[in-house]
Amino acid sequence: MTNTEITQILNFFLDIYRRQVNCGPGSPAGFEPMDIPCQGSDAIYELRVCRNGNWLTRRMTLGPLGEDSGSKSSCYKVIYDDTLVIKIPPTPITDFNKYLDSIRRERRIADRLTPTVECVTPTLSAILGKVPPFYGKSFASPGDLEDQCIAKLTIMPEYQDHLKIGGGFVFFMNLSKHAFLGQVLADIHEIKNKLKREITAQADILLNPLALGEIYGNQFSPVFFAISDVYKSYEGKLNRILKYTGPYDISAYNKREWFLMHLSEEGTAHSHEYVSPDLLTALNRVLNKTIEENREVVEKYRKVMAAHIYRKTFKQHKEQMGGIIANVLRLLARLRENGVAMRDLKPDNVFIVGDIEGSPLLLTHPEGFDIGLIDFETAVEIRTEAGDPIEQPMLAGTPSYATPSHLFTNELLSRIYTDVGRILHLQDWQAVNSMIYNIITGKRLAQETSKLMPGIVKIIRKSVKKNLPKEALFRHCSQVFWHNASGEFRQKLSNHRQTLQSIQVVIPAEVRRMLFEEAITLRSDIIKRVQAQIHSQDFFKSPKSRRSLIRSSPEVLAQCREKWESGMNAPKLSPSVKTRVIELLENIEFRKRQSEELESVIRLMEQDRPGMTAYELLKLMFSVVFNTMYKAEWGELSDLEKPKSGAKTGGAMITYEETIALEDTITRACIS
């Protein structure tokens, strides 16, 4: 996404506007950004063309969609009569037939999902319908218009330039009937303008800190008293200025209003019919100086107000969040059922199917709307005819929603995993997990981990040139990625635990089936991993002690571990052996707790209308993806931070006496 592309898009629509108003290509024309607030990174531009000496103008909105992945098309949202999505390929397409083949491929995958999922794919008519000779004409159906466009451009290649930006064909999608999920979430989580409105609405109670405390929390009264003192300081300075500059009819309300404008970062005090420009300049200077001299108090006040706005906004939208999550999960289940992996799911690639403006409460009722799909560039059919290989999809993904498996070929993945189709499907699980977190917090789940992806791409490119072993490369990239991803995931869940646990999601029937099957598969895999780990370690060697470990509950293992950590009633071990034994028990305990949680999920999914908190959903979905994509033989993630010396005991040499003490202790602990 570059300024060059934005300029090219603006010139493209300027040319369309010329044609719509019958201006020749040589007529004067131009565009400029308008100083009008707009959603997110969108901007409003005014297009101007001169016809017969008169300037004609119109406006359009333009903004980038999503993160820049670097390896797939750049996407932009345009509002020009309709809402359009423009997709610019990273490598220009100059052959019209290849361009049509790309459109047909996306349509083929979308047709596989129809009618269970509403899809929007690229069409020629999305843009040609705005250009003469198609502009203003009526057709029996959108399909008829599309057929006419393809036929005309095939026999009259000069019209193909209407589909090109920057010398190559680009893809156009008409989204006029729907709202992007990303746009809906931006509206939900928008705080800045709400905060400004909240602060500027306090003119009548600014001098009453007790009243502020009653509204926003008495525990913050010291902050409100302090901000009231700041206002009095500003008012005193302003009154002294007014005393020496002549009589002005300025009300106390105006004085408070100007102060609150600066306090909310709304801007400078605006003109007043009784205030000269010089006085206005002096007034803003006093306000800026007052705010700067009391920066600490002002920032505390803004934080208190922002926290209040966040809590109020979150409370207002909790039900909507739960409804959206339920339908995002339903979309995932439908993709699974139809054998399609999108591989680039994100809020800017999906849209709400339903009339949000006409039904303000629509999002609180999952059964009243659906989630539709746009952009099938990275999608692939993962259920093929018997014996047919899965088509190689584009090796790309959006960093915040992707995994290393997005960047390696099917051929390589098939040498590492038994089921490539499942890996491609679980790429969508990873994306949906990130979307759930984003729906609730407005933030990215893998914010830091995503920064690794460009480096992984560079390593892959270098390895191709040097012909390095691909399996080892994939293992290394996966170890680094999942080590960071799991750490960031745990930290984010811990930071937002209370918020995530407060969102209850009613699980739709088709999702219930999917979660039930995945929970069973994961639980079976975890049990096998625990057994393999117990039988491969060298601390507890006797069959009896190993059986005790396998049968022991997480609570028993926790008690045993705590004894060794405290040194109470624990065998005498060398520090290195003690550390490794504690780590082993921690790991087995963790996996057994996972197994118990999965057993609860399995029982829950057998109910008619089960509900789960977003916190539980995130944990379950991350576990499914991680335990499938991260191979057990690659070692524990915790081992990545330790020296590579030693064998299965991690370099800790264990004596015969220590072995006897360990065997005896673990057996007694598990029996008791």
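Laboratory data are not the source of any read-out in this text; all were calculated from the coordinates shown. Being a predicted model, the structure only gives us computed values, none of them experimental. Cβ placement follows ideal geometry from the backbone for every residue including glycine, while neighbour counts extend to all protein chains displayed.
Listed by chain and number, the lysines whose alpha-carbon sits under 26 Å from that of Lys541, ignoring those within fewer than 8 places in the same chain, are Lys528, Lys563, Lys572, Lys578, Lys592, Lys631, Lys642, Lys644, Lys648.
In summary, the convex hull built on the alpha carbon positions of region 3-177 has an orientation-averaged projected area of 11.4 nm². For Ser359, no residue has an amide H sitting under 5 Å from its own, ignoring neighbours fewer than 5 places away on the same chain, with H placed 1.01 Å from N. Note on Lys152: aspartates and glutamates with a C-alpha under 19 Å away, same-chain residues under 8 apart excluded, are Asp95, Asp101, Asp144, Asp161.
Evaluated at 20 °C with a viscosity of 1.002 mPa s, what Stokes-Einstein diffusion coefficient in µm²/s does the chain have when Rh comes from the Kirkwood expression over alpha-carbon pairs? So the translational diffusion coefficient is about 72 µm²/s.
For the residue pairs Lys164/Lys443; Lys346/Lys451; Lys196/Lys443, the C-alpha atoms sit more than 26 angstrom apart in Lys164/Lys443. Remark: spin-label model distance Leu468-Thr4 equals 3.0 nm, labels positioned 7 Å along the Cα→Cβ axis. Residues whose amide H comes within less than 5 Å of that of Gly63, counting only those at least five positions distant or on another chain, are Ala43, Lys77 (H built at 1.01 Å from N in the peptide plane). With θ taken as phi - 60° and the Karplus curve 6.51 cos²θ - 1.76 cosθ + 1.60 applied, the whole-hertz 3J(HN,Hα) list for region 2-10 is 10, 5, 4, 5, 4, 4, 4, 5, 4 Hz, x standing for glycine and proline. In this rough spin-label picture, where each label sits 7 Å from Cα along the Cβ direction, the Arg547-Tyr244 distance is 9.6 nm. Proximity of backbone amide H atoms, modeled 1.01 Å from N, is registered between Asp370 and Val353 at under 5 Å, excluding neighbours fewer than 5 places apart on the same chain.
Mean residue ellipticity, 222 nm, helices only, the chain: the sum of -39500 (n - 2.57) across DSSP H runs of n ≥ 4, divided by residue count and rounded to 500, is -18000 deg cm²/dmol. Extent along the principal axes, Cα only, for region 459-557: 51, 47, 30 Å, with the longest axis given first.
Computed from Cα atoms, the angle from the helix 575-605 axis to the main principal axis of the chain rounds to 70 degrees. Over region 1-68, the ratio between the Cα radius of gyration and 2.2 N^0.38 Å evaluates to 1.19. Couplings 3J(HN,Hα) of region 214-224, computed from phi: 5, 7, 10, x, 5, 5, 9, 4, x, 5, 6 Hz, in residue order, whole Hz [Karplus 6.51 cos²θ - 1.76 cosθ + 1.60, θ = phi - 60°; x for Gly and Pro].
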